[in-house]
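Presented below is the structure to which this report refers.
The values are calculated or read from the model by the stated rules, or taken from the named source; none is laboratory data. Please read these numbers as outputs of a predicted model, since none were measured by experiment. Cβ coordinates were reconstructed from backbone atoms using ideal geometry, including for glycine residues, and neighbour counts include every protein chain displayed.
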Amino acid sequence: MPTLVEMDSHVSLFQQMDTHQGPVVLINKFEVKDEEADRFLEAWTADAAVMKRQPGFISTQLHRGIGGSTVFINYAVWESTDAFKHAFMNPEFQAKIKEYPTSAVASPHLFTKLAVPGICVA
């Protein structure tokens, strides 16, 4: 099971899951020892397959740092915090996250898109 390290020291993932808004983007940074990278990928694939079947799931994409990095970023889009919370608390998902290598450190956080005039739209 990965060690959880909050991305934001002021607001926890669990506090965010109680905000009732959407759509939301989950960004989860993972760090893992080099020798456990393949095991991490297997565990992430298994838990992503569970999440993909959950109501409110829209999409996900895993990224890996280049140049031999063992930092991974998961970007997942959900219809709402309620949908994400329901999926996160699913017993099947909770069982899958126990399969992560012991060196895995996860920093999940929920975001909403912002509009910045002339740059990006929400």
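Just to be sure I understand, how many residues within the range 65-101 are closer than 19 Å to Leu41 by Cβ and without any contact (Cβ under 8 Å) to a residue 24 or more places away in the chain?
The number of residues fulfilling the criteria is 5.
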Being surrounded by fewer than 16 Cβ atoms within 10 Å (Cβ to Cβ), of a type in the set (Asp, Glu) and closer than 26 Å to Lys113 by Cα narrows it down to one of Asp82, Asp34, Asp18, Asp47, so name that one. Asp18
Could you list, in sequence order, all residues of the range 103-122 that are touching a Lys or Arg at 6+ places or on another chain (Cβ under 9 Å), farther than 13 Å from Asn28 by Cβ and touching a residue at least 24 places away in the same chain (Cβ under 8 Å)? Ser103
Cβ pairs under 6 Å, 6+ apart or interchain, first in the range 47-61 and aromatic (Phe, Trp, Tyr), second in a helix (DSSP H, G or I), ordered by first then second residue, are Phe57/Met51
List, please: which pairs have Cβ atoms under 7 Å, are six or more places apart or on different chains, and start with a residue in the range 1-14 that is in contact (Cβ under 8 Å) with a residue 24 or more places away in the chain and within 24 Å of Glu92 (Cβ to Cβ) and end with one that is among the acidic types (Asp, Glu) and assigned to a loop (DSSP other than H, G, I, E, B)? Leu13/Glu6
Would you confirm, using the coordinates I've provided, whether Phe40 is hydrophobic (A, V, I, L, M, F, W, C), modelled with pLDDT of 95 or more and in contact with a Pro (Cβ under 6 Å, 6 or more places away or on another chain)? yes
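Give the range 1-42 a look and list any residue that's outside any strand (DSSP E or B) and among the aliphatic types (A, V, I, L, M), or say none. Give the steps one after another, and end with the answer.
Filtering the range 1-42 down to residues outside any strand (DSSP E or B) leaves 1-2, 5-23, 32-42.
Passing the criteria: Met1, Val5, Met7, Val11, Leu13, Met17, Val32, Ala37, Leu41.
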